[in-house]
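The values are calculated or read from the model by the stated rules, or taken from the named source; none is laboratory data. The shown structure was predicted, so the numbers you read here are calculated from the model rather than taken from an experiment. Here the Cβ is made from the backbone with ideal geometry for all residues, glycine too, and neighbour counts use every protein chain on show. We work out accessible area using only protein heavy atoms, side chains counted, and drop any ligands, DNA or RNA first. Shrake-Rupley method; radii C 1.70, N 1.55, O 1.52, S 1.80 Å.
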Amino acid sequence: MLTAEQAQAAKEFRDFADREIAPHADAYHEAQRTPPETIRLLADEGLLGLPVPEQYGGGGCDAVTLGLLAGELGRACSSVRSLLTVHTMVAHAVNRWGGRALKDTWLPRLASGERIGALAVSEPGAGSDAAGVTTTLTKDGDDWLLDGHKKWITYGESADVFVVVGRTDAGPTALLVERDTPGVRTELIEDLIGIRASMTANVYFDNCRIPGANLLARPGLGVSHVVGAALDLGRYTVGWGCVGILDACLDASVDYANSRVQFGSLIKEHQLVRRMISNMYTDAHAARLLCLEAGRLRDRHDPGALAATSTAKYFAATAATRAAADAVQIHGANGCSSDYSVQRYLGDSRVMEVIEGSSQLHQVGLAEYAFQERALRSVR
Ligand SMILES: Cc1cc2nc3c(=O)[nH]c(=O)nc-3n(C[C@H](O)[C@H](O)[C@H](O)COP(=O)(O)OP(=O)(O)OC[C@H]3O[C@@H](n4cnc5c(N)ncnc54)[C@H](O)[C@@H]3O)c2cc1C
């Protein structure tokens with residue numbers, strides 16, 4: 001299924017996640033912080049720049065390899081996986097839509113992890129309908145003046161640079177904004193249901209002056225092109241992150257069912273417990289295969305990659321929610337406590353059904369793909 005290089009990379013990612021991330025994930029969740037040393041370690045290992053082209057100092061990896069990394073990080077800690085997701089979305093947006101000078105300046109910094117990126121699209125009044133942003137961008141000479149409030153920005157509290165979407169006369173417009181720009185302020189959002197260590201924040205922009213060279217694509221293409229491309233990649237790594245959650249639920253549930261005794265036998269002997277485990281097992285395999293297919297299509301630049309990525313994210317996120325709910329159930333009261341990681345998986349999986357397109361938005365889009373595919377078949 002995997003090439004020798006991909007299989008070797010998967011083993012290295014797994015070893016790294018088991019050694020450096022998984023043992024600390026519950027503590028990060030509890031503290032609602034990812035320690036800067038962990039972010040530095042990911043950067044120093046070259047993991048944050050893995051998909052950035054080699055000419056900019058990145059790893060130039062294929063989509064399947066990136067997915068394998070997201071899966072292993074997701075198994076260990078969904079917050080850390082979400083760092084990979086948003087950072088690679090920013091690098092992808094700059095690579096795809098930035099001018100030469102912007103790419104030459106920012107891609108090496110993002111590839112090395114010297115600077116961390118976050119994606120600032122959502123606002124209190126604009127979520128699924130990203131084109132409804134009200135943040136304003138006003139032209140002033142060669143610069144843009146940026147005013148507005150972005151909400152729910154993953155790693156917004158610690159990121160160095162943001163891809164921001166604001167509104168111009170031409171429509172939603174994207175540009176790159178450095179954190180130390182005068183007028184930028186962030187405020188941590190605590191006590192989320194999941195990815196609690198992801199330092200999600202409100203980000204405020206008060207009359208920020210942004211150089212015109214920081215524009216990503218033409219004015220008006222901020223959502224359709226820039227966010228569209230970034231979200232497509234984000235969905236792909238979130239889908240794989242959910243494969244990781246499914247694996248983690250299965251590991252925890254098998255271990256627990258193998259050790260907990262009730263009514264004189266291990267609970268794994270009870271058929272209804274076995275049913276939950278068989279559902280989890282099937283879902284984990286199915287989600288992995290869908291994500292692998294999406295990765296292969298992405299690597300071949302196949303036009304079907306978009307629909308395959310949406311299918312994989314939708315299935316993996318909903319399957320992760322089912323698995324996490326069952327994992328908590330198998331753990332009984334222990335599953336309801338913070339002594340066991342399954343409680344974390346449940347909250348994390350819920351977030352996966354909201355971000356990078358909610359499950360409902362994917363359902364709406366997937367039905368459209370189904371109608372289009374069948375309409376095309378009938379004219380052939
Ligand atoms: C932990 C976390 C991290 C996040 N990180 C980021 C980030 O880094 N950057 C960023 O920009 N945003 C981020 N977000 C915001 C996220 O992208 C939005 O929450 C998401 O787009 C959904 O928007 P909303 O929450 O406003 O829900 P709404 O859009 O208000 O939707 C509410 C409900 O209505 C449903 N709904 C809406 N429209 C339709 C429709 N057309 N058909 C059917 N159902 C529909 C939705 O599925 C949902 O169930 C994050 C959110 C969370 C919770």
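For helix 100-112, what angle does its Cα long axis make with the longest principal axis of the chain, in degrees from 0 to 90 and rounded to 10?
Taking Cα atoms only, the helix is inclined about 30 degrees.
Applying a 10 Å radius around every beta-carbon, put 298-311, 178-191 in order of their mean neighbour count, most first.
298-311, 178-191
Send over a whole-number figure in Å² for the accessible area per residue of the chain, probe 1.4 Å.
44
Multiply the residue gap between VAL261 and SER337 by 0.36 nm, knock off their C-alpha separation, and tell me the result in nm, one decimal place.
25.5 nm
Along the charge dipole of region 334-380, pointing to its positive end and built from +1/-1 on Cβ of Lys, Arg, Asp and Glu, which listed residue (ALA370, SER338, GLY357) has its Cα farthest out?
Farthest along the dipole direction, towards plus: ALA370.
Given 37 °C and 0.692 mPa s, how large is the Stokes-Einstein diffusion coefficient of the chain in µm²/s, with Rh as the Kirkwood radius over Cα pairs?
Translational D for this selection: 155 µm²/s.
Anything over 27 Å Cα to Cα? Flag those among LYS151/LYS313; LYS268/LYS313; LYS103/LYS313; LYS11/LYS150, in the order listed.
In this structure, LYS268/LYS313; LYS103/LYS313; LYS11/LYS150 exceed 27 Å between Cα atoms.
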